[in-house]
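> Mind looking over this structure? Questions follow.
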């Protein structure tokens, strides 16, 4: 891993706005020290929202939507106020019902659902990922150590049954469970090895044997006789093939490179995978280098493989993040579908599994000025359902295209948002997850461009849709010419100048939308922004550079992150835009965010307390030097450390004056809790007013609904006290 580069999953945590001009506010004669600590005395009563935080956070969040291969059954998880249960629904009526009956907000996640082909059994993972020491999180601080385990439950009744333990320790394991084509066996990665267990639960799980390295991403062959997986050896990795019942492995064309993402052809005769170069030592840290990739295909009986296609050596030829998800498929019409940014956007391409000599140029399936966010293969084996912001950069919709080419067709459009498409059985029904600006995420049946909500009875009757606002799209120009998209939340009836907030998301590989978000972290943040708007705050959610949805150049800008924090100027641009609005009091513009958004919140307060009057920083990075391992082989190590520190909030503590609320769980596996510990000492020394909330044993993406509620209630209360009531915050608390 490159030092100071974001870790996988590090949200430092998974669409067009119309241009409005903005004007830079000229600060003159502003008493910063006084304003930061005490603010002007409140002249109006503190507003109250027409709905409660609990109401807007009460909807059950759906995720891990799956469909059975041979029936019209779908399954998903509902997280209802922290109580997670598996639900199923059957076509054509899709009446929904829970098949598990857990009843506590105990922080034990349910994820990685898989349905057996006949739809009779759901296999799932219970418990969250292990940390580097092999411990599963327990935000309830129970004295009995929790585990991460694989379970199965029959849809038609019976108690869940344990199949085996999971977890990969410090390795980078992909932890999905895979069910064999006949539905009898489940396989997964655990403790660096590949495990197999009968779905019936009548035998204990066993590893296929000892394999060196971190072994993960198991994939069953179509006949169920072999399992392909990745065997990572640190600076290189192999694609290994295990034949069930044998006592040895076959490796696909082993080399010094890093091979990953094995995918079987439908007939089982070919294995396709991705290759990038092995790690090179003693490289400078500061320069960003392209990471070209190639697609390979081989014979799983002999291990012989050949290159199908090689990307360019340019930055656009680098391996795109999306290919790590669902955007690599081998189709029934003998084509390979994959993601690439060769034209500057995240698009889908296809090429023949056996291309004619000299004709290996891939076919662009999704041309246009938009990004593809994910892709799934339809039951017919050659149609691709993909999610993108095509023709609607503010939202995500589902489209379809044939792997052999042709025009794309939208399956939904308008003011809604859709994601996670799954097709049932023989292709009878298409189900997805979806939301709007005022209705939360729920499962939907898609038909003829229309959506029909599934499990509508699970949505609380008092969910406050009628009180929520529809955010407005905004387009800004940053100081260096970058086009920046944002969403503006304006309280109903707002006519007078008042307080306003800049919201900055985490990731940074994220994009906030004009509605409830597909990721639960940002679904919650959207609900909080609606609540803050209900309390009388104007909120501007800024999609700063290094996020997704706007092409590779936007996703990978120059001098971002620890290399210069260039994305911060977009946040500052958002604040200046708010200053220009007549409904905003320029002296009461503040900022909040989590993870990378917490980093940018702290940067705003440290560098520009003259702009941001207060802030709430949730689990943010404050010193890039200590967040990642140090590459002692790098020839520019000293210069890199200096650059990393200058890009950090800690470097500007001397100018930090505005009060801040700091929030973090001390079992954070994304951003080390040491970041908050260290910052607090610096704030004390600098006599900066702050408050702190620490959640013992909580992780980065809070596992308990009670934690989210306390964090968000404290955020709203902090801004009410500082911006609306003018209450001082204690210095060095």
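> Output the qualifying pairs, or none if there are none: Cβ atoms under 7 angstrom, residues six or more apart or on different chains, first residue in region 493-509 and at positive phi, second residue modelled with pLDDT of 95 or more and outside any loop (DSSP other than H, G, I, E, B).
From region 493-509, the pairs are 507/596.
> If you take the residues in region 564-589 that are touching a helix residue (DSSP H, G or I) at 6+ places or on another chain (Cβ under 6 Å) and more than 18 Å from residue 477 (Cα to Cα), which one is surrounded by the most Cβ atoms within 10 Å (Cβ to Cβ)? Step through it out loud before you land on a result.
Restricting attention to region 564-589, the residues satisfying the condition of being touching a helix residue (DSSP H, G or I) at 6+ places or on another chain (Cβ under 6 Å) are 568, 571, 584, 586, 588-589.
From what is left, the residues that are more than 18 Å from residue 477 (Cα to Cα) are 584, 586, 588-589.
Numbers: 584: 25, 586: 19, 588: 24, 589: 27.
Looking at the filtered set, the residue picked out is 589.
> So residue 285 clears everything in (1) in contact with a strand residue (DSSP E or B) (Cβ under 8 Å, 6 or more places away or on another chain); (2) surrounded by 17 or more Cβ atoms within 10 Å (Cβ to Cβ); (3) not in a strand (DSSP E or B) except one condition, right? Which one?
Unmet for residue 285, out of (1) in contact with a strand residue (DSSP E or B) (Cβ under 8 Å, 6 or more places away or on another chain); (2) surrounded by 17 or more Cβ atoms within 10 Å (Cβ to Cβ); (3) not in a strand (DSSP E or B): (1).
> Follow-up question, since we're still on this one. Against the condition within 24 Å of residue 47 (Cα to Cα) and part of a strand (DSSP E or B), how does residue 502 come out, does it pass?
Details: within 24 Å of residue 47 (Cα to Cα): yes; part of a strand (DSSP E or B): yes.
For residue 502, the condition - within 24 Å of residue 47 (Cα to Cα) and part of a strand (DSSP E or B) - is met.
> Taking residue 399 and the conditions (1) touching a helix residue (DSSP H, G or I) at 6+ places or on another chain (Cβ under 7 Å); (2) within 18 Å of residue 364 (Cβ to Cβ), which numbered condition does it fall short on, given that it satisfies the others?
Every condition holds for residue 399 apart from (1).
> Let me ask something else about it. Could you check residue 359 against (1) in a strand (DSSP E or B); (2) modelled with pLDDT under 95 and say which number it fails?
So residue 359 meets the others, but not (1).
Table: residues versus (1) over 25 Å from residue 708 (Cα atoms); (2) touching a strand residue (DSSP E or B) at 6+ places or on another chain (Cβ under 7 Å); (3) buried (at least 19 other Cβ atoms within 10 Å of the Cβ).
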position	(1), (2), (3)
481	yes, no, no
486	no, yes, yes
503	no, yes, yes
521	no, no, yes
534	no, no, yes
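> Among the residues of region 27-46, is any more than 27 Å from residue 160 (Cβ to Cβ), at pLDDT 95 or above and either out of contact with any helix residue (DSSP H, G or I) (no Cβ under 8 Å at 6 or more places or on another chain) or surrounded by fewer than 17 Cβ atoms within 10 Å (Cβ to Cβ) (or both)?
We begin by selecting, within region 27-46, every residue more than 27 Å from residue 160 (Cβ to Cβ); these are 27-46.
Still in the list and also at pLDDT 95 or above: none.
Taking every residue of region 27-46 in turn, none turns out to be more than 27 Å from residue 160 (Cβ to Cβ), at pLDDT 95 or above and either out of contact with any helix residue (DSSP H, G or I) (no Cβ under 8 Å at 6 or more places or on another chain) or surrounded by fewer than 17 Cβ atoms within 10 Å (Cβ to Cβ) (or both).
> Further question: Would you please name the residue that is modelled with the highest pLDDT, looking only at residues in region 471-490 that are more than 23 Å from the chain's Cα centre (by Cα) and part of a loop (DSSP other than H, G, I, E, B)?
Looking at residues that are more than 23 Å from the chain's Cα centre (by Cα) and part of a loop (DSSP other than H, G, I, E, B), I get 490.
> Determine which member of the set 234, 202 is out of contact with any strand residue (DSSP E or B) (no Cβ under 7 Å at 6 or more places or on another chain), assigned to a loop (DSSP other than H, G, I, E, B) and within 30 Å of residue 159 (Cβ to Cβ).
Values: 234 fails: within 30 Å of residue 159 (Cβ to Cβ).
That would be 202, the only listed residue that is out of contact with any strand residue (DSSP E or B) (no Cβ under 7 Å at 6 or more places or on another chain), assigned to a loop (DSSP other than H, G, I, E, B) and within 30 Å of residue 159 (Cβ to Cβ).
> Still on this structure, please answer the following. From 375, 297, 327, grab the single residue that is assigned to a strand (DSSP E or B), under 22 Å from residue 271 (Cβ atoms) and under 20 Å from the mean Cα position of the chain (by Cα). Working first, answer last.
On the way: 297 fails: under 20 Å from the mean Cα position of the chain (by Cα); 327 fails: assigned to a strand (DSSP E or B).
Criteria check complete, one pass: 375.
> Within region 720-733, is there a residue that is assigned to a helix (DSSP H, G or I) and crowded, with 24+ Cβ neighbours inside 10 Å?
To start, the set of residues in region 720-733 that are assigned to a helix (DSSP H, G or I) comprises 720-724.
Remaining after also requiring crowded, with 24+ Cβ neighbours inside 10 Å: 722-723.
Yes.
> Only one residue in 238, 210, 293, 229 is under 30 Å from residue 116 (Cα atoms) and either in contact with a helix residue (DSSP H, G or I) (Cβ under 8 Å, 6 or more places away or on another chain) or surrounded by fewer than 14 Cβ atoms within 10 Å (Cβ to Cβ) (or both). Which one?
Working: 238 fails: either in contact with a helix residue (DSSP H, G or I) (Cβ under 8 Å, 6 or more places away or on another chain) or surrounded by fewer than 14 Cβ atoms within 10 Å (Cβ to Cβ) (or both); 293 fails: under 30 Å from residue 116 (Cα atoms); 229 fails: either in contact with a helix residue (DSSP H, G or I) (Cβ under 8 Å, 6 or more places away or on another chain) or surrounded by fewer than 14 Cβ atoms within 10 Å (Cβ to Cβ) (or both).
One residue alone meets the criteria, 210.
Each row is one residue, and each column tells you yes or no for (1) assigned to a strand (DSSP E or B); (2) within 23 Å of residue 135 (Cβ to Cβ).
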site	(1), (2)
183	no, no
187	yes, no
197	yes, yes
212	no, no
238	yes, no
247	no, no
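> Same structure, new question: Which members of region 359-391 meet the condition of being surrounded by fewer than 20 Cβ atoms within 10 Å (Cβ to Cβ) and more than 30 Å from residue 70 (Cα to Cα)?
359, 360, 361, 363, 364, 367, 368, 369, 391
> Is it the case that residue 262 is touching a helix residue (DSSP H, G or I) at 6+ places or on another chain (Cβ under 7 Å) and either in a loop (DSSP other than H, G, I, E, B) or modelled with pLDDT of 95 or more (or both)? Full working, then the answer.
Values: touching a helix residue (DSSP H, G or I) at 6+ places or on another chain (Cβ under 7 Å): no; either in a loop (DSSP other than H, G, I, E, B) or modelled with pLDDT of 95 or more (or both): yes.
It is false that residue 262 is touching a helix residue (DSSP H, G or I) at 6+ places or on another chain (Cβ under 7 Å) and either in a loop (DSSP other than H, G, I, E, B) or modelled with pLDDT of 95 or more (or both).
> Can you confirm whether region 679-686 contains a residue that is under 27 Å from residue 567 (Cβ atoms), assigned to a helix (DSSP H, G or I) and in contact with a strand residue (DSSP E or B) (Cβ under 6 Å, 6 or more places away or on another chain)? So that I can check it myself, show each step before the final result.
Looking only at region 679-686, we keep the residues that are under 27 Å from residue 567 (Cβ atoms), and these are 679-683, 686.
Now narrow it down to the ones that are assigned to a helix (DSSP H, G or I): 679-683, 686.
Still in the running and in contact with a strand residue (DSSP E or B) (Cβ under 6 Å, 6 or more places away or on another chain): 683.
Scanning region 679-686 turns up at least one residue that is under 27 Å from residue 567 (Cβ atoms), assigned to a helix (DSSP H, G or I) and in contact with a strand residue (DSSP E or B) (Cβ under 6 Å, 6 or more places away or on another chain).
> Quick check, is residue 497 in contact with a strand residue (DSSP E or B) (Cβ under 8 Å, 6 or more places away or on another chain) and modelled with pLDDT of 95 or more? If you could, list the steps in order and put the result at the bottom.
Numbers: in contact with a strand residue (DSSP E or B) (Cβ under 8 Å, 6 or more places away or on another chain): yes; modelled with pLDDT of 95 or more: yes.
Criteria met by residue 497.
> To continue, here is another question. Looking only at region 637-647, decide whether some residue is surrounded by 24 or more Cβ atoms within 10 Å (Cβ to Cβ) and within 30 Å of residue 708 (Cβ to Cβ). Even if it seems obvious, please write down each step before you answer.
Pass one, region 637-647, residues surrounded by 24 or more Cβ atoms within 10 Å (Cβ to Cβ): 644, 647.
Add one more test, that the residue is within 30 Å of residue 708 (Cβ to Cβ), and what stays is 647.
Yes: region 637-647 contains one or more residues that are surrounded by 24 or more Cβ atoms within 10 Å (Cβ to Cβ) and within 30 Å of residue 708 (Cβ to Cβ).
> Is it fair to say residue 97 is part of a strand (DSSP E or B), at pLDDT 95 or above and surrounded by fewer than 21 Cβ atoms within 10 Å (Cβ to Cβ)? Reasoning before the result, please.
Details: part of a strand (DSSP E or B): yes; at pLDDT 95 or above: yes; surrounded by fewer than 21 Cβ atoms within 10 Å (Cβ to Cβ): yes.
Yes: the conditions hold for residue 97.
> Using the structure shown, decide if residue 425 is under 28 Å from residue 350 (Cα atoms), surrounded by 17 or more Cβ atoms within 10 Å (Cβ to Cβ) and modelled with pLDDT under 95.
Details: under 28 Å from residue 350 (Cα atoms): yes; surrounded by 17 or more Cβ atoms within 10 Å (Cβ to Cβ): yes; modelled with pLDDT under 95: yes.
Here the answer is yes, as residue 425 does meet what is asked.
> Continuing with the same structure: Condition first: modelled with pLDDT of 90 or more and at positive phi. Now tell me which residues in region 125-140 satisfy that.
Residue satisfying the conditions is 127 alone.
> Could you check how many residues of region 443-453 are touching a strand residue (DSSP E or B) at 6+ places or on another chain (Cβ under 8 Å) and surrounded by fewer than 23 Cβ atoms within 10 Å (Cβ to Cβ)?
Residues of region 443-453 that are touching a strand residue (DSSP E or B) at 6+ places or on another chain (Cβ under 8 Å), as a first pass: 443-447, 449, 451-453.
Next cut, surrounded by fewer than 23 Cβ atoms within 10 Å (Cβ to Cβ) only: 445-447, 449, 451-453.
So the answer is 7.
> Would it be correct to say that residue 418 is over 15 Å from residue 515 (Cα atoms), at pLDDT 95 or above and in contact with a strand residue (DSSP E or B) (Cβ under 8 Å, 6 or more places away or on another chain)?
Values: over 15 Å from residue 515 (Cα atoms): no; at pLDDT 95 or above: yes; in contact with a strand residue (DSSP E or B) (Cβ under 8 Å, 6 or more places away or on another chain): yes.
In short, no.
The values are calculated or read from the model by the stated rules, or taken from the named source; none is laboratory data. Quantities reported herein were computed from a predicted structural model and do not represent experimental measurements. Methodologically, a virtual Cβ is constructed for each residue, glycine included, from the backbone with ideal geometry; neighbour enumeration extends over all protein chains shown.
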